[in-house]
Amino acid sequence: MENTVTLLLPVIVIQFLLLIIALISCIRAKETLGPKWAWILIIFCISIIGPILYFVIGQRKDAYK
Amino acid sequence: MKRFNALFHKEWVEAWREKKLVWLPAVILLVTLLQPISLYFMPTILESSSSLPPGAVIELPIPSGAEVLAGTLSQLHTIGTAIIVLACMNVIVQERNNGSLMQLFSRPVNTVTYIFSKWTMLVLLHLGAFTISYGAAWYYTNILFSDVSFTSVWKSFVIYCLWIVLVITVTLFVSTFLRRTGGVAGISILIVASIAILSTVIPDIAIYLPSNILYLATEVLNTEKGTMHMGAVLATTIAFIALLLFTMVKQFEKSVKF
């Protein structure tokens, strides 16, 4: 069992990292394409694909900082 | 060269702002890592998820390390290609649509410099991500399955890198023609998919075409030496990339002159 956890640890860490970065960048963005609360929901609820979707189609290029 | 450096630097800053610098390597790493791990746990997964009658025995042959790495590559070939297209589709189109392209070309900037700064940055980013994740997959394979020799991994790595560069070039090529990101993604995936399908439609000619790259990389992993068509495939791929780059620059020059 311990073996399983150590093997899966990198995967879990990367997934968590993706989620956190997407959340931070979504919350700090002035504007997103579409309502922000929906993006936060998507990032939280759909693992892996949610953050990717946000990064690819949710960001607005003129709304950083 | 100075202008190239400035544009090149700007690309990296932008990639950091979009967080592409982080998510792209992370996603590709996830895709590659999950293959050896899920293969390793396959018996456990089958046992716990299927509703087999008690006493049924599942015996799976343990795949060799080379087979696992080949599986990783084919996983990348489907999911990874789509991710690369998604990551590259809006680099030119977005700048064109929000007007920063017009601003940029009101200064003495060469279109060749512009295209190449984007292309070089994307290629470096993707190849970096691929290096990390392929290395990680190799490490996992060595631990969980049997050892794979460094030379075969290195050769398959170099061969597969060409496919990644080809996908990036095709996406950039399409985005110099179209003005919508959705269209760019659709057409690029269509082109890449039709290149990949060629090897089943016209198998006689396709042994010399880039569609054979995945097969070549797998072959190298299994036997440690390439087949005789390796040189031809690599040459046509490089020629194809060069042709696309050339047409792209020409077309882009036309589209920014008003």
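The values are calculated or read from the model by the stated rules, or taken from the named source; none is laboratory data. As the structure is a computational prediction, the values presented were derived from the model and not from experiment. For neighbour counting, all protein chains shown are included, and Cβ atoms are generated from backbone atoms with ideal geometry for every residue, glycine included. The area values use the complete protein model at the heavy-atom level, side chains included, leaving out ligands, DNA and RNA. Shrake-Rupley method; radii C 1.70, N 1.55, O 1.52, S 1.80 Å.
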Study note, to complete from the structure: If each part is reduced to its alpha-carbon centroid, segment B:111-189 and segment B:42-109 end up apart, in Å, by 11 Å
Review point. Hey, if you drop one equal point scatterer on each alpha-carbon of segment B:1-125 and run the Debye formula without solvent, what base-10 log of I(q)/I(0) do you get at q = 0.15, 0.22 Å⁻¹?
Key: -0.81, -1.26
Practice item. Take the Cα coordinates of chain B, assign each an equal point scatterer, and use the Debye formula without solvent to give log10 I(q)/I(0) at q = 0.07, 0.10, 0.14 Å⁻¹. Key: -0.29, -0.57, -0.99
Exercise for review: Could you tell me how many degrees, from 0 to 90 and to the nearest 10, lie between the Cα long axis of helix B:20-40 and the main elongation axis, the longest principal axis, of the Cα atoms of chain B?
Suggested key: 20 degrees
Exercise for review: Can you find, among A:VAL5, A:ILE52, A:TRP39, the residue farthest towards the positive end of the dipole of segment A:2-63? Put +1 on the C-beta of Lys and Arg, -1 on that of Asp and Glu.
Suggested key: A:TRP39
Practice item. Please give the average number of partner chain Cβ atoms lying within 10 Å of the Cβ of each residue in B:38-49, rounded to a whole number. Key: 1
Practice item. Between beta-carbons, use under 13 Å as the cut-off and find the net charge around B:ILE213, counting Lys and Arg +1, Asp and Glu -1. Key: 0
Practice item. Send over the Kirkwood Rh of segment B:20-85, from the inverse of the averaged 1/r over different Cα pairs, rounded to one decimal Å. Key: 13.8 Å
Exercise for review: Treating the angle as unsigned and between 0 and 90°, give the value, to the nearest 10°, between the Cα long axis of helix B:111-144 and the longest Cα principal axis of chain B.
Suggested key: 10 degrees
Practice item. Let me know the charge dipole size of segment A:2-63 about its Cα centre in debye, to the nearest 20, where only the beta-carbon of Lys, Arg (+1) and Asp, Glu (-1) is charged. Key: 300 debye
Exercise for review: Compute the relative contact order of chain B as a whole-number percentage, counting only Cα pairs closer than 8 Å that sit 6 or more residues apart in sequence.
Suggested key: 26 percent
Review point. If you average 1/r over every pair of different alpha-carbon atoms in segment B:138-198 and take one over that average, what Kirkwood value in Å do you get?
Key: 13.8 Å
Review point. What is the average number of partner chain Cβ atoms found within 10 Å of a Cβ in A:18-27?
Key: 2
Check your understanding: Which number gives the lysine pairs in the protein assembly as shown that have C-alpha atoms under 17 Å apart and are eight or more places apart or on different chains?
Key -> 21
Review point. Which number comes out as Rg/Rh for segment A:2-63 once both Rg and the Kirkwood Rh are worked out on C-alpha atoms?
Key: 1.10
Study note, to complete from the structure: Calculated from DSSP helices alone, with each H run of at least 4 adding -39500 (n - 2.57) and the total divided by the residues of the protein assembly as shown, [θ]222 nm to the nearest 500 comes to -24500 deg cm²/dmol
Practice item. Quick one: compute a quarter of the convex hull surface over the Cα atoms of the protein assembly as shown and quote it in nm². Key: 19.8 nm²
Practice item. Within 10 Å of each Cβ in peptide B:25-34, how many partner chain Cβ atoms are there on average? Round it to a whole number, please. Key: 4
Revision key, fill the gap. Most packed first (mean Cβ within 10 Å per residue), the peptides B:49-55, B:99-105, B:85-91, B:137-143 order as B:85-91, B:137-143, B:99-105, B:49-55
Check your understanding: If one takes the longest principal axis of the Cα atoms in chain A, at what angle in degrees, from 0 to 90 and to the nearest 10, does the Cα axis of helix A:36-45 lie?
Key -> 10 degrees
Exercise for review: Return the FRET efficiency for the residue pair B:ALA235, B:LEU127: r is the Cβ-Cβ distance, R0 is 22 Å, and the value is rounded to the nearest 0.05.
Suggested key: 0.65
Practice item. Leaving out ligands and nucleic acids, note down the accessible area per residue over segment B:97-177 with a 1.4 angstrom probe, in whole Å². Key: 39 Å²
**Study point:** Principal axis dimensions, segment B:93-192 - Cα atoms, whole angstrom, descending
**Key:** 57, 29, 19
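Given contacts defined as C-alpha pairs under 8 Å and at least six residues apart, what's the relative contact order of segment A:2-63, whole-number percent?
37 percent
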